[in-house]
Amino acid sequence: MRTRLFIVMGSLGLASASFGMSWLESGPDPVIFPRQEIPILFDHAYHVRAPDEAKGLEGEGLDCSFCHENVSDSKDSADRDIPGHGTCETCHDDWMAEAESPACARCHADLSPAAKASPARTSTQARPVHIPPPNIVFPHANHVNAGVECVACHKNVPGKTLATRDDYPTMDRCVGCHEEKGVSTACTTCHFSSVAGTDRILTSFKEGKLMPRRLHQAAIHDTDFLRDHAVPAMRDKAYCSNCHSEADCLECHDGVARDVRYHSGDFISTHSIKARIDDVRCQSCHRLQDFCLNCHVRSGVATVTAVNEFDPGRSSSPSRFAFAPHPTSASGWLTPGSQNFHGFHAQRNIRACASCHQEQYCIRCHGTGASSEGYNPHGPNAERLRNLPAGGANSRVCLKCHLPGDTRWQ
């Protein structure tokens, strides 16, 4: 038994670890940090590593700011502090002095003899470095002045050859650092505002649509989000409003057009089952009191007259005698004790009744007025309800059916 327990707990631990890892971002968002082209041969690890003769390690031991010398003054994420020939010549002027030197191929791979001889080559010039500006607010100067080390964001660079966009920080790392240091985590702290001075962020870029990925409010905009978005939306509408306005919701949830993504082609024949299972979900788009009733009356499956006026033999008569969506009086709808008795259905799910009927509809039979039938809705031993605290605290509930002078409710 103990062995089985260990196996189960171990499996659960592995599953939990795997699940936890799936919530971490695998790399920078391609919309925030667009794809780059860096046709350069460069070894970051060699340049930042301190030489150690005992270990047989070679290196230059350079600080990041030796090459990226303008970072501490940068206020704009679009600033390009990529070292050029002038910076490199500080150390390599001995073999960089001559133009068109074979030594150029030491950095520019496309200038090697093999690359020059390639039939696909269309230029004798070295391919330029293409690093698009990131679509994010990031002042390097603020982070440097706050004492943030370069490796706090670019932790893998000291051990790599060529650094790329894959070495930019992901949002989970940024949010974690901001929370730890007490810095704002509002979306507009790092993301562009769609309208200046507002909290709604810009999400449309030429590189694509910016959408939440991992870790953020469990609102991962993947292929299942169309079905699952109700949960994060109900939990935190303010989070959704960082990107979306109410108009975005109404594009699908206007309750007018039938969206085939939610309601299949045969939905009219099956919607009654789904409505009974989860009418709260229906109400996220539709007002049951009027939407259902209006459609049922127009299609001839409901009537605006009292149920006891319904005549199943006159189904071809004018619309006020149209079929109701529930059993008729002949089937026990008005007979206490019948499995079709309307009282059972009302107690089970009064919201289904309210989707067509208003309160006054019930009072026509259950009230004590001159025009009412006077049927008791309280069941046997109605005297048990007399003098209850609820009636004294809010008599309006009782007066919905009882006249003020009726002693039965007092």
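The values are calculated or read from the model by the stated rules, or taken from the named source; none is laboratory data. Computed from a predicted structure; not experimentally measured. We place every Cβ from the backbone using ideal geometry, glycine too, and count neighbours over all the protein chains shown.
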statement: If we take the range 63-161, then helices (runs of 4 or more DSSP H) inside it with 1 or more residues that are in contact with a His (Cβ under 7 Å, 6 or more places away or on another chain) are 85-96
- prompt: residue 124 fails exactly one of the following numbered conditions: (1) under 27 Å from residue 207 (Cα atoms); (2) out of contact with any Cys (no Cβ under 9 Å at 6 or more places or on another chain); (3) of a type in the set (Val, Ile, Thr). What is the number of that condition?
  reply: (1)
message: The conditions are (1) within 21 Å of the chain's Cα centre (by Cα); (2) at pLDDT 90 or above; (3) part of a helix (DSSP H, G or I), and residue 47 fails exactly one of them. Which is it?
response: (1)
task: Hey, could you check the range 268-283 for residues that are more than 15 Å from residue 354 (Cα to Cα) and surrounded by 13 or more Cβ atoms within 10 Å (Cβ to Cβ) and say which is modelled with the highest pLDDT?
output: 271
task: Determine the pairs where a residue that is within 13 Å of residue 362 (Cα to Cα) and assigned by TED's automatic domain parsing to the domain that holds residue 376, located within the range 340-352, has a partner that is loosely packed, with under 15 Cβ neighbours inside 10 Å and of a type outside the set (Asp, Glu) with Cβ atoms under 8 Å apart, the partner being 6 or more residues away or on another chain.
output: 343/336; 343/377
task: Examine the range 132-139 for a residue that is out of contact with any Ser or Thr (no Cβ under 8 Å at 6 or more places or on another chain), surrounded by 12 or more Cβ atoms within 10 Å (Cβ to Cβ), closer than 21 Å to residue 36 by Cβ and not β-branched (Val, Ile, Thr), and state whether such a residue exists.
output: yes
message: Please count how many residues of the range 353-379 are modelled with pLDDT of 70 or more and of a type in the set (Asp, Glu).
response: 1
